[in-house]
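Right, I'll just put the structure down here and ask away after.
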Amino acid sequence: MNVRLSTGKEIPMEMHKVRIVQKTSLVPVEERLRAIEEGGYNTFSLKTKDIFIDMLTDSGTNAMSDNQLAAMMVSDDAYAGSESFYKLAQAIEDVLGFKYVLPTHQGRAAEHLIAKVFIKPGDIIPMNYHFTTTKAHIELIGGQVLEIFADEALNTQSKHPFKGNLDIQKLKDTIKKYGVDKIPFVRMEATTNLLGGQPFSMENLKEVKRICSQHKIPLVLDGSLIAENAYFIKLREKGYQNKTIKAIIKEIMGFADLFYLSGRKSSCVRGGFIATNKKVFYEQIKPWLPVYEGFLTYGGMSSKEIEAMAVGIREMTDINVAGSAAEQVKYFAERLIERKIPVVTPSGGLACHVDAMMFLPHVPQSEYPAGALAAAIYIASGVRSMERGTISMDRDEEGNEVFSDLELARLAVPRRVYTIAHFEYVADRIHWLHRHRDLVKGLRFVEEPPVLRFFFGKLEPIDNWGSKLGEVFKKEVGAHW
Ligand code: F0G
């Protein structure tokens, strides 16, 4: 919820009290330099002890509620027939309207099962945008991801409220070109993570579903950020202002033949599931669940997480939960925009994304501007962000680089974890870095893994720019900061 101050300014207001805290510390710049060098200029390799504010991801890093924690105390650990599972199934039926549930240990496990059951080599999967793990699972089976977003989606300086929309004409053309037999399903992602957490509109989803139904192609919905997508529909789409988040989520679900999510985002708990009302889909996936995840009533999740998820699924329909990250992201983005930092607009559902090609125009994509920017932000602030650009794309079969559509340093906002003071600090340090952006150069790989290379890859700074940046920081801001 936003509160209007007497000056007219609006600030995001936390509609909760913080009763458990975790201590953090800010190590001085010299130690940050050592940490990033040891970590191969890859923020995934940093350790918590060296991080002040962790904005790597909003995945599994959200604050849980008192009721989620309380629910974890009464979980049922039965290997089969666990009461905890039936509570989750009931919550899914009440909130999302699905009868059949297949729990998985997290979102990518759901993607693995869906890819295994529905995709065959040579298939095409049209979608509004890929996520890294989604693409990896589809390609490992021999399928191909086809992104058919509207052109505006790649404009980082946009006012378009629904950059996560699928381009309807391109969908029609795709079906005509490849034929129904090659398209096992169309996938929609609720707030396209890699495009900056940008939502789709209800109108667009409805139209996608209409085309899919005409051709009897199932619609698969990735709802990892379903609460945030619903929140944006309420805020930005005509006719939805007076509807509840709960009603909007239910309406979205009416269009999905198969739904899955990573519980680590909207529902604030580690885990995932697949849900559907189509018995045939359920029966097709079910035999594989114990092979890869676990028995039907736990699917690789602990019973405690299942209990917390049952609560989290209900709580995400509260507007103050659904909007908690989105409003902080907006506040943070505004602080950066007023300092002339190029961030993705409109602000999205999970993070503030800095456009690295605009921030570092002198660094070519072959030298990974988003990776360089993420490393530089860490050196200048102790804040950990994530590269979402070419490093996050793997090479093609011939070993050529696949340049990402966008080069973004993603500063994720875990739900109910950070305060306005934290965002003011990060905005100040990024502003300092922006004034010294000429000191930041590119990166090159020293060790490059063959798949999802962004996780474990090791890089080095071209011309040793990290140390020079550190030296200037010490002189201008102070060695103890
Ligand atoms: N789908 C979306 C849209 C996601 O954002 C993620 C994870 C997944 C699927 C995979 O789920 O992690 O539970 O296996 N996103 C995380 C992130 C990793 O940092 O954005 P998972």
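Quick grid of which residues meet (1) crowded, with 19+ Cβ neighbours inside 10 Å; (2) modelled with pLDDT of 95 or more; (3) not β-branched (Val, Ile, Thr):
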{"site": "LEU411", "(1), (2), (3)": "yes, yes, yes"}
{"site": "VAL417", "(1), (2), (3)": "yes, yes, no"}
{"site": "PHE423", "(1), (2), (3)": "yes, yes, yes"}
{"site": "LEU433", "(1), (2), (3)": "yes, yes, yes"}
{"site": "HIS436", "(1), (2), (3)": "no, yes, yes"}
{"site": "VAL440", "(1), (2), (3)": "yes, yes, no"}
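Exactly one condition in (1) open to solvent by 50 Å² or more (accessible area, probe 1.4 Å); (2) free of Cβ contacts under 8 Å to residues at least 60 places away in the same chain is not met by ALA150; state its number.
Unmet condition: (1).
Taking MET393 and the conditions (1) farther than 30 Å from GLU147 by Cβ; (2) touching a Ser or Thr at 6+ places or on another chain (Cβ under 6 Å), which numbered condition does it fall short on, given that it satisfies the others?
Condition (1) is where MET393 drops out.
Give the residue that is nearest to VAL413 (Cα to Cα), with candidates limited to residues of the range 299-314 that are out of contact with any strand residue (DSSP E or B) (no Cβ under 6 Å at 6 or more places or on another chain) and open to solvent by less than 30 Å² (accessible area, probe 1.4 Å).
GLY312
Here is a follow-up. Any idea how many residues of the range 38-92 are assigned to a loop (DSSP other than H, G, I, E, B), within 22 Å of the chain's Cα centre (by Cα) and surrounded by fewer than 14 Cβ atoms within 10 Å (Cβ to Cβ)?
1
Now a separate question. Out of VAL426, VAL472, I need the residue that is touching a strand residue (DSSP E or B) at 6+ places or on another chain (Cβ under 7 Å), assigned to a helix (DSSP H, G or I) and of a type outside the set (Ser, Thr, Tyr). Which one?
Only one candidate qualifies: VAL426.
Going through the range 120-147 one residue at a time, which ones are among the acidic types (Asp, Glu), more than 18 Å from GLY196 (Cβ to Cβ) and open to solvent by 40 Å² or more (accessible area, probe 1.4 Å)?
Correct list: GLU139 only.
From the set of residues in the range 438-460 that are touching a helix residue (DSSP H, G or I) at 6+ places or on another chain (Cβ under 7 Å) and in a loop (DSSP other than H, G, I, E, B), which is farthest from VAL402 (Cα to Cα)?
Applying the filter and picking the extreme gives VAL440.
Looking only at helices (runs of 4 or more DSSP H) that lie completely in the range 317-403, which have at least 3 residues being over 16 Å from GLU228 (Cα atoms)?
Result: 324-337, 356-359, 369-381.
Within the range 259-279, which residues are away from the ligand (no atom under 14 Å from the Cβ) and in contact with a helix residue (DSSP H, G or I) (Cβ under 7 Å, 6 or more places away or on another chain)?
ALA275, THR276
Under the condition of being among the aliphatic types (A, V, I, L, M) and over 23 Å from GLY349 (Cα atoms), which residue from the range 378-433 is nearest to the ligand (Cβ to nearest atom)?
Once the filter is applied, the top-ranked residue is VAL402.
Given (1) part of a helix (DSSP H, G or I); (2) within 16 Å of the ligand (Cβ to nearest atom); (3) open to solvent by less than 10 Å² (accessible area, probe 1.4 Å), where does ARG187 come up short, assuming only one miss?
(1)
Yes or no, residue by residue, for (1) within 21 Å of the chain's Cα centre (by Cα); (2) within 26 Å of GLU387 (Cβ to Cβ):
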| site | (1), (2) |
| --- | --- |
| TYR298 | no, no |
| SER302 | no, no |
| THR317 | yes, no |
| ILE341 | no, yes |
| GLN365 | no, yes |
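Still on this structure, I have one more. Restricting to the range 315-351, name every residue that is of a type in the set (A, V, I, L, M, F, W, C), within 19 Å of THR419 (Cα to Cα) and either open to solvent by 10 Å² or more (accessible area, probe 1.4 Å) or in contact with a strand residue (DSSP E or B) (Cβ under 8 Å, 6 or more places away or on another chain) (or both).
ILE319, VAL321, VAL329, PHE332, ALA333, LEU336, ILE337, LEU350, ALA351
On to the next question. Only residues that are within 12 Å of the ligand (Cβ to nearest atom) and charged (D, E, K, R): list them for the range 119-143, please.
LYS135
The values are calculated or read from the model by the stated rules, or taken from the named source; none is laboratory data. All figures in this text were calculated on a predicted structure; none of them were measured in a lab. Please note: Cβ atoms are built from the backbone with ideal geometry, for glycine as well, and neighbour counts cover all protein chains shown. Side chains are part of the model used for accessible areas, which takes the heavy atoms of the whole protein and leaves out ligands, DNA and RNA. Shrake-Rupley method; radii C 1.70, N 1.55, O 1.52, S 1.80 Å.
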